[in-house]
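The values are calculated or read from the model by the stated rules, or taken from the named source; none is laboratory data. Just so you know, these numbers come straight off a predicted model, no measurement behind them. Please note: Cβ atoms are built from the backbone with ideal geometry, for glycine as well, and neighbour counts cover all protein chains shown. All accessible areas refer to the heavy atoms of the entire protein, side chains included, with ligands and DNA or RNA removed. Shrake-Rupley method; radii C 1.70, N 1.55, O 1.52, S 1.80 Å.
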Amino acid sequence: MGMYEDDGVVAGARGRSLWQEEPARRRRMPDPVRDSAVRAALIVAVTLTQATVTFFLTLTGSWLALPMALGAIAGTVVATWGVLDVLITRQMWNQRYGVVSEPSSTARGRRRERRARREAGAEARRRPGGGTGRIPRSGGAPASARPAAWPPPGADRRYRAG
């Protein structure tokens, strides 16, 4: 086995490990996002290589410069699509699975304000004679005694008998 044991510790040194785990600086990308990022990176690499070859073929005056230029233009369109695919896939993943259910301090404050308003409204409804949410009537007249928008025909002096 040599000078190392199974657990990765040097036989002569105590407490010193050969392999030390370090925590990742960032979380790993979700699989669909990573797949689209790898695809986009490959497409961009091929397109840049194709553009470089096109440039050198143009300098030498080769007949292959025109087909390679057309291919480089098409590759640029496809590479743009690939990068947009990464952005869209990442946004889609965040919208579907990335919601963390920990309310921020702002959300907590707003929730407290709503709760306080609700409790105040419930308290006002419990008090006698108030809290219906409507404008209070003056004089306490019943709803049927309210004046109509158009007075009835008998109320006009011109139509009175006598």
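Observations, loosely collected:
- Approximate spin-label separation Arg115-Asn94, in nm, with each point projected 7 Å along Cα-to-Cβ: 3.0 nm
- Spacing of the two label points (7 Å from each Cα toward its C-beta) at Thr80 and Arg125, in nm: 5.7 nm
- Local electrostatic count, Ile43, Cβ distance below 14 Å [Lys/Arg +1, Asp/Glu -1]: -1
- Full extension of the segment from Arg25 to Leu87, taken as 0.36 nm per residue of separation minus the current Cα-Cα distance, would add 20.2 nm.
- Spacing of the modelled spin labels on Ala45 and Ile73, each 7 Å from Cα toward Cβ, amounts to 2.7 nm.
- Relative to the current alpha-carbon distance between Val38 and Leu66, full extension at 0.36 nm per residue lengthens the span by 7.2 nm.
- Ranking by accessible area, most exposed first, for Thr58, Thr89 with a 1.4 Å probe: Thr58, Thr89
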